[in-house]
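Taking it in order: structure first as structure tokens, then the write-up.
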Amino acid sequence: MERNDIQKVTHAPNIRCDKAAEALYIIDQTRLPNEEVFLRLDTAEELYDAIKRLRVRGAPAIGIFAAYALYVLARQIPAEVDFQAELNRCATYLNSARPTAVNLSWALGEMVQEAERRADLPRPALLEALYEKAAAIHADDIAKCTAIAEYGLSLIRDGDGILTHCNAGPLATSRYGTALGPILLGTERGMTLRVFADETRPLLQGARLTSYELERAGVDVTLICDNMASIVMKNGWVQACFVGCDRVAANGDTANKIGTSGVAILAKHYGIPFYVLGPTSTIDRNCPDGAHIPIEERDPEEIRTMWYETPMALPEVKCYNPAFDVTDNELITAIVTEKGICRPPYTESLAALFAAESQERT
Ligand code: MRU
């Protein structure tokens, strides 16, 4: 991919599935930034494994992937088998791949409900309806990311420095991304923005994915280790923090990549606004607060040995490897969604967002 080519970054199809496809194609995010490899996935195990091993990752991208994955598996259900029961079984299996990002269960739920609504259709028409549903979830995410990028852009000015953690760009979503959306859109419109990307230990999404996407898009990006966020803030180089989200509770507490809450605490200390950007599909209205968000714990080897030529800790050393943490709502300046910018108190502003939506429907 050429550098300075925003369109190629924002419009790169990281997930592909057409109606006739018997498989799902994804860019393998674990091979970036050194290799751009597309994988063909068609078995339940391969699809589950792609989520579990972070070949596809980022809350919205996991949701889009899961919707198409269920369609691919639905096509394989033999005519003599109870379709709805088997579809539910496949959805439950995929849903067990990762616990924190609510988009996974949300997208699978949408697909299962669609199948129930269309249960009377003959099999070919039912499959077509499921494909249309998955494609609609995908198209919807593109529209949502574009709207989030616009809202986010209204919060920053030309010349600003922005700190981001993990990866919430086009690879983690579709089109502009969420946290990187305003940066890519602003750059497309001729603004000059400076980004500090935390490398994001232990899986290095910031180094491998965020700095890769921004560098390719021609954005001024500087990669820092996670423990350098304080000094760049103290130096006055950061005017705003933009991060994505994996699940937002009804009170605004937000789960995102491990280390995010530390960034929010630093931002408060230095008086820098801290913004969470995400689609409303990441808001879990059934989850009252952060204490109810399940936090994924991953393999200790990600800390001890991954990325190193030789292990950096004794094999018997205990490691704690939570993949996410929860940022308390009081540390969040605003939550930027495709429907608008929510400010504290979030219990009210988030509820108002959904109340307006149900009024629109009636
Ligand atoms: O474990 P990951 O890489 O899937 O975690 C991703 C994040 O935490 C992202 O910041 C979040 O999903 C937002 S993606 C738009």
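The values are calculated or read from the model by the stated rules, or taken from the named source; none is laboratory data. The structure presented is a predicted model; accordingly, all values stated were derived computationally and were not measured. Here Cβ is always computed from backbone atoms with ideal geometry, including for glycine, and neighbour counts include all displayed protein chains. All accessible areas refer to the heavy atoms of the entire protein, side chains included, with ligands and DNA or RNA removed. Shrake-Rupley method; radii C 1.70, N 1.55, O 1.52, S 1.80 Å.
How about K268: which aspartates and glutamates have a C-alpha closer than 19 Å to its C-alpha, ignoring those fewer than 8 places off in the same chain?
D160, D198, D226, D253, D325, D328, E330
Apply 1/(1 + (r/R0)^6) to the Cβ-Cβ distance of R40 and C319, taking R0 = 41 Å, and write down the FRET efficiency to the nearest 0.05. Show your work: numbers first, answer last.
Values: r = 34 Å, r/R0 = 0.83.
Approximately 0.75, to the nearest 0.05.
Determine which residues of the range 234-252 fall in the zone a paramagnetic label at H292 would reach in this model, i.e. backbone nitrogen under 15 Å from the point 7 Å along Cα→Cβ.
247-252
Just in the range 1-42: which trypsin sites (Lys or Arg not before Pro) are loop by DSSP and have at most 14 other Cβ atoms within 10 Å?
Those that pass, being in a loop and sparsely packed, are R3, K19, R31.
Express the Stokes-Einstein translational diffusion coefficient of the range 290-362 in µm² s⁻¹, to the nearest whole number, given a Kirkwood radius over alpha-carbon pairs, 20 °C and a viscosity of 1.002 mPa s.
134 µm²/s
State the dimensionless ratio Rg/Rh of the range 116-174 (Rg: radius of gyration of Cα atoms; Rh: Kirkwood radius).
When Rh is taken as the Kirkwood radius, the ratio is 1.25.
Roughly to the nearest percent, how much of the accessible area of the range 1-159 is carbon and sulfur, given a 1.4 Å probe?
Exposed carbon and sulfur together represent 49 percent of the surface.
Per residue, how much accessible surface does the chain expose to a 1.4 Å probe? Answer in Å², no decimals.
43 Å²
When the Cα atoms of the range 184-268 are enclosed in a convex hull and the volume is divided per residue, what value in Å³ results?
Per-residue hull volume (Cα only) is 107 Å³.
Counting other C-beta atoms within 10 Å, and keeping those with at most 12, which DSSP coil trypsin sites (Lys or Arg not before Pro) do you find in the range 106-171?
Those satisfying the criteria are R157.
Below 8 Å, C-alpha to C-alpha, sequence gap of six or more: please give me the relative contact order for the range 162-236 in percent.
Details: 114 pairs, mean separation 23.3, N = 75.
Result for the range 162-236 is 31 percent.
Take every DSSP beta bridge whose two residues both sit in the chain, then give the antiparallel share in percent to the nearest 5.
45 percent
Sorting check: for 191-197, 164-170, which peptide has the highest mean count of neighbouring beta carbons within 10 Å, and how do the rest follow?
The peptides rank, most packed first, as 164-170, 191-197.
To one decimal place, what orientation-averaged projected area in nm² is obtained for the convex hull of the Cα set of the range 1-114?
Mean orientational projected area (the range 1-114, Cα hull): 7.6 nm².
Work out which helices of the chain, taken as complete DSSP H runs, extend at least 27 Å along their axis over the Cα atoms and score a mean Kyte-Doolittle of -0.5 or more, then list them.
Helix filter hits for the chain: 123-153.
Applying the Karplus parametrisation 6.51 cos²θ - 1.76 cosθ + 1.60 with θ = phi - 60° to the phi angles of the range 14-23, what ³J(HN,Hα) value in whole Hz is obtained for each residue in order, glycine and proline being reported as x?
7, 10, 9, 7, 9, 4, 7, 5, 8, 8
Once amide H atoms are placed 1.01 Å from N in the peptide plane, what residues at a sequence separation of 5 or more from V195, or on another chain, have their amide H within under 5 Å of its amide H?
Amide H neighbours of V195: I162, D220, V221, T222.
Enumerate by residue number the trypsin sites (Lys or Arg not before Pro) in the range 258-362 meeting two conditions: DSSP loop (anything except H, G, I, E, B), and at most 14 other Cβ atoms within 10 Å of the site's Cβ.
Sites meeting the loop and neighbour criteria: R285, K318.
If you line up the Cα atoms of the range 169-208 on their principal axes, what length do they span on each, largest first, in Å?
Its Cα atoms span 34, 22, 12 Å along the three principal axes.
Using all alpha carbons of the chain, what is the percent of pairwise distances in each 10 Å bin, ordered from the shortest bin to the longest?
Spelled out per bin, shortest first, that is 5, 25, 34, 25, 9, 2, 0.
Of K234/K339; K234/K318; K19/K133; K8/K234; K19/K339; K133/K339, which sit over 23 Å apart, Cα to Cα?
Over 23 Å apart, Cα to Cα: K234/K339; K234/K318; K8/K234; K19/K339.
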